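Visitor: Structure below; questions to follow.
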Amino acid sequence: MEVVFYIEGLSNEKKALENAMKETAEELKREKDVEIKYVMVEDIIESNEEDVLKYSGVIEAGLKGDFGRVVQLALKYSPAMVEVLGPGKIELESKELMKILGDVSLVMGKLMKEFGGLAVYPKLEDVPAPRIGYEREEIEEFILGDRGILYRFVIEVFGESQGAIETTMAKAFDVEGCRVNKLVVQGEMEEGRFKGLLAAELVSSLETLFQLTAKYAPVAISILEPEVVDILANEAQNTLTDLSSFVNELLTRPIQRQLKERKNTEFKLNP
């Protein structure tokens, strides 16, 4: 597939940003197992409205490679936007897709261990309990009619009790856009807190499957149906952009925290 990455850089020092963008561009050109069609570094722009991170720049890079490799590069360079130029559709065997999802889980798991989690929801108390369990005919319609994917998903869970986790996660999966066919939680209480594993059988779109993988970094995932997954260009574009935004959110948390602390200090000092 052929894509364009738009990689954004921000800094409060112009020279430092110029050097960082130059190094990133050179690193991109050295990437293997992908065709780098071009790398273009735009001029640094200074914002008069920003006191911090007032310098910005963009690297535009054209890439051509298989979907798995492009996913790896999106996680590595976290472009602000990804544009898929073609083809209009690609096909992946479920085994290859599981491997790609495993890479996503590994990378995101490491980042979340360092910077914190991504799965944040509004109050789920007011969300009605979703239906759990579907007839075979319904599942087939989800897959064939709605282009859904049926998969099993295992994640580590912590909470007040087994029952509370089951209720909360069923609602969370529903909010994410999944249909929950099965959900089982196993574990034990440790020092007043339940710790264990949750296994769920879900049906969702490709984009939701990748979003859940990025947010929860599952310890295991298996695609049950279909054996070959069709990925449309817009689905690939949305998925790559989502993954990049998740990485960006985690990597910029220390900076955002500093900016928030600075604004709070300025507010307190302001007479």
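The values are calculated or read from the model by the stated rules, or taken from the named source; none is laboratory data. This structure is a prediction, so every number in the text was calculated from the model and none was measured. Cβ placement follows ideal geometry from the backbone for every residue including glycine, while neighbour counts extend to all protein chains displayed. We work out accessible area using only protein heavy atoms, side chains counted, and drop any ligands, DNA or RNA first. Shrake-Rupley method; radii C 1.70, N 1.55, O 1.52, S 1.80 Å.
Visitor: Identify all residues within the stretch 66-93 that are small (Gly, Ala, Ser) and closer than 14 Å to PHE210 by Cβ; write none if there are none.
Guide: Residues satisfying the conditions are GLY68, ALA74.
Visitor: Could you tell me whether any residue of the stretch 200-210 is surrounded by 20 or more Cβ atoms within 10 Å (Cβ to Cβ), touching a residue at least 60 places away in the same chain (Cβ under 8 Å), farther than 21 Å from ILE139 by Cα and touching an Asp or Glu at 6+ places or on another chain (Cβ under 9 Å)?
Guide: no
Visitor: Further, regarding this structure: Could you run through the stretch 120-155 and say how many residues are touching an Asp or Glu at 6+ places or on another chain (Cβ under 8 Å) and either without any contact (Cβ under 8 Å) to a residue 12 or more places away in the chain or open to solvent by 80 Å² or more (accessible area, probe 1.4 Å) (or both)?
Guide: Residues meeting the conditions: 2.
Visitor: Kindly provide the set of residues from the stretch 175-190 that are over 26 Å from the mean Cα position of the chain (by Cα) and open to solvent by less than 70 Å² (accessible area, probe 1.4 Å), ordered by number.
Guide: The answer is GLY187, and nothing else.
Visitor: So, one more: Does the stretch 12-27 hold any residues that are open to solvent by less than 20 Å² (accessible area, probe 1.4 Å) and touching a Phe, Trp or Tyr at 6+ places or on another chain (Cβ under 8 Å), and which are they?
Guide: LEU17
Visitor: Continuing with the same structure: PHE158 passes all but one of (1) open to solvent by 70 Å² or more (accessible area, probe 1.4 Å); (2) under 18 Å from GLU225 (Cα atoms); (3) not in a loop (DSSP other than H, G, I, E, B); which number fails?
Guide: Result: PHE158 passes all but (2).
Visitor: Could you look through the stretch 45-104, keep only residues that are in a strand (DSSP E or B) and without any contact (Cβ under 8 Å) to a residue 40 or more places away in the chain, and pick out the one that is surrounded by the fewest Cβ atoms within 10 Å (Cβ to Cβ)?
Guide: GLU46
Visitor: (1) open to solvent by less than 20 Å² (accessible area, probe 1.4 Å); (2) without any contact (Cβ under 8 Å) to a residue 60 or more places away in the chain; (3) not polar (S, T, N, Q): which one isn't true of ARG193, the others all being true?
Guide: If we test ARG193 against (1) open to solvent by less than 20 Å² (accessible area, probe 1.4 Å); (2) without any contact (Cβ under 8 Å) to a residue 60 or more places away in the chain; (3) not polar (S, T, N, Q), just (1) comes out false.
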